[in-house]
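The values are calculated or read from the model by the stated rules, or taken from the named source; none is laboratory data. All of these numbers come straight from a predicted model, not from anything done at the bench. Cβ placement follows ideal geometry from the backbone for every residue including glycine, while neighbour counts extend to all protein chains displayed. In case anyone asks, the SASA skips ligands and DNA or RNA and just uses the protein heavy atoms, side chains included. Shrake-Rupley method; radii C 1.70, N 1.55, O 1.52, S 1.80 Å.
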Amino acid sequence: LYEDAECVLDHLRENADKFKIDPDHIYIIGYSMGGFCAMNLLARGAKVKGAVLLSPCDLGSRYINKPARYQVTIDAQKGGYFRTPDEDYMDNDVREHAEQWQFPVLASQIDANLPIRFVGGAEDVTTPSPIHIFPSMEVMKARGMDVTYEELPDGHEYAGHRILLTKTLFRKIMELEQLP
């Protein structure tokens, strides 16, 4: 996923004039598996101005620390959410990279000057913040990074608060845009 996202970022930069975008004001927003993708992008040095991660899924830590919950995640992906060469591709990839994909490990590799905003759901049982967000935030704060967390009154799907979610994401990007 993050390799595809790197290609998208490269394409945006290479075609900034065509798309009428400022390549110095690109932000990443990642939700759930997209948050996993965003953490990997950031750790690999993505040239962005900041990131907002919404209920990111720490697949590495889930595989290592919660094998039963990890299996539920992998089984759900076999339903066709992601196109992969075969149904075991994602599982094999996670098993091979789980150690390096743990969010606290990735957090230690992110540029310490990059501001990051996390948003979680108070009722999120899919990617609960104490497991999927807080450990990496601790690493980031220890490194002196500009990182914040906001909790919304909803579950992983944010189905009951879509307007609040939209306003929150917009506000987070505007916060990042105001930083020097």
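Computed from the C-beta positions of Q71 and V125, the FRET efficiency with R₀ = 25 Å rounds to 0.95. Taking GluC sites (Glu not before Pro) across segment 85-160, the ones in a DSSP loop with at most 16 further Cβ atoms lying within 10 angstrom of their Cβ are E87, E123, E157. Within straight cross-link reach of K47, meaning Cα distance under 28 Å, which lysines are found once same-chain residues fewer than 8 apart are removed? Cα-Cα hits under 28 Å: K18, K20, K141, K167, K172. Counting only protein heavy atoms and a probe of 1.4 Å, the accessible surface of the chain is 53% carbon and sulfur.
Here is how the number arises for the chain: DSSP H runs of 4 or more residues each give -39500 (n - 2.57), the sum is divided by the residue count, and the result at 222 nm is -15000 deg cm²/dmol.
Note on segment 1-51: Cα-only Rg and Dmax are 10.7, 31 Å. Once the Kirkwood radius over Cα pairs is known for the chain, the Stokes-Einstein relation at 25 °C and 0.890 mPa s delivers a diffusion coefficient of 146 µm²/s. When +1 charges are put on Lys and Arg Cβ atoms and -1 charges on Asp and Glu Cβ atoms, the dipole computed for the chain relative to its Cα centre reaches about 420 debye. Over every Cα atom in segment 104-152, the radius of gyration and the widest Cα-Cα span, Dmax, amount to 10.8, 31 Å.
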